[in-house]
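This report refers to the structure that appears directly beneath it.
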Amino acid sequence: MQEESLYERIGGDEALRQLTDCFYDLVFEHELISRLFKSDKELIKTKQRLFLTQFLGGPELYSDVYGHPRMRARHLPHTITEDDAIAWLQCMSQAVGSLPISKDLKDELFNRFPRTAFFMVNS
Ligand code: HEM
């Protein structure tokens, strides 16, 4: 039998809705990184939820709608520094912490982000 994906183990779509709601509430209020987010909050929440679904081993929802993720290229129009990545990760850590899952699962989930976040640094 195939092992359950991280997407399924954290609670699937419902967990990602909760995560992205909490995460973008923090990001849009953040003193350093809110400056970067100028488009619609609900739209970016939805894009992130679709992306994280596939990033965590669930169905390829983001690619179905938006094509190949090319995440670094999609971030290039935004000036992202190392401090921005750290702030992004702090918001994500807090959002992950708010989920009703075990400490081990929270750690496993959060650990998926630092490498990708630092890969987005372009300035
Ligand atoms: C390093 C810190 C990061 C910063 C400062 C950042 C910033 C941004 C900004 C400014 C946008 C555009 C938002 C808008 O349309 O208003 C964006 C889009 C997005 N970001 Fe990030 N990001 C970071 C890291 C990440 C990471 C680590 C991921 C995935 C794990 C991610 C996934 C996405 C997705 C899925 C979108 C939507 C792309 C689209 O337009 O289809 N970002 N990000």
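The values are calculated or read from the model by the stated rules, or taken from the named source; none is laboratory data. If you're wondering where the values come from, they're calculated on a predicted model, not measured in any experiment. Cβ sites come from the backbone with ideal geometry, for glycine too, and all protein chains shown count toward neighbours.
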* **Flag for PRO69 being near the ligand (Cβ under 9 Å from one of its atoms), not aromatic (Phe, Trp, Tyr) and not in a helix (DSSP H, G or I)** => yes
* To do: Filter region 73-85 down to residues that are out of contact with any Phe, Trp or Tyr (no Cβ under 6 Å at 6 or more places or on another chain) and in contact (Cβ under 8 Å) with a residue 12 or more places away in the chain, then give me how many there are.
  => 9
* Asked: Within the set of pairs 6 or more residues apart or between chains, which connect a residue that is modelled with pLDDT of 95 or more inside region 1-27 to a residue that is among the basic types (Lys, Arg) with Cβ atoms less than 6 Å apart?
  -> LEU16/ARG49; THR20/LYS45; THR20/ARG49; TYR24/LYS41; TYR24/LYS45
* **Enumeration of residues in region 88-117 that are within 13 Å of the chain's Cα centre (by Cα) and either touching a residue at least 40 places away in the same chain (Cβ under 8 Å) or within 8 Å of the ligand (Cβ to nearest atom) (or both)** => TRP88, LEU89, CYS91, MET92, GLN94, ALA95, VAL96, LEU109, ARG112, PHE113, THR116, ALA117
* Structure fact -> Checked pairs for region 35-62, first in contact (Cβ under 8 Å) with a residue 24 or more places away in the chain and of a type in the set (Val, Ile, Thr), second near the ligand (Cβ under 7 Å from one of its atoms) and part of a helix (DSSP H, G or I), C-beta under 8 Å and 6 or more apart or across chains, list as THR53/TYR62
* State whether the residues of region 20-42 include one that is near the ligand (Cβ under 10 Å from one of its atoms), of a type in the set (Lys, Arg), under 19 Å from ASN122 (Cβ atoms) and outside any loop (DSSP other than H, G, I, E, B). => yes
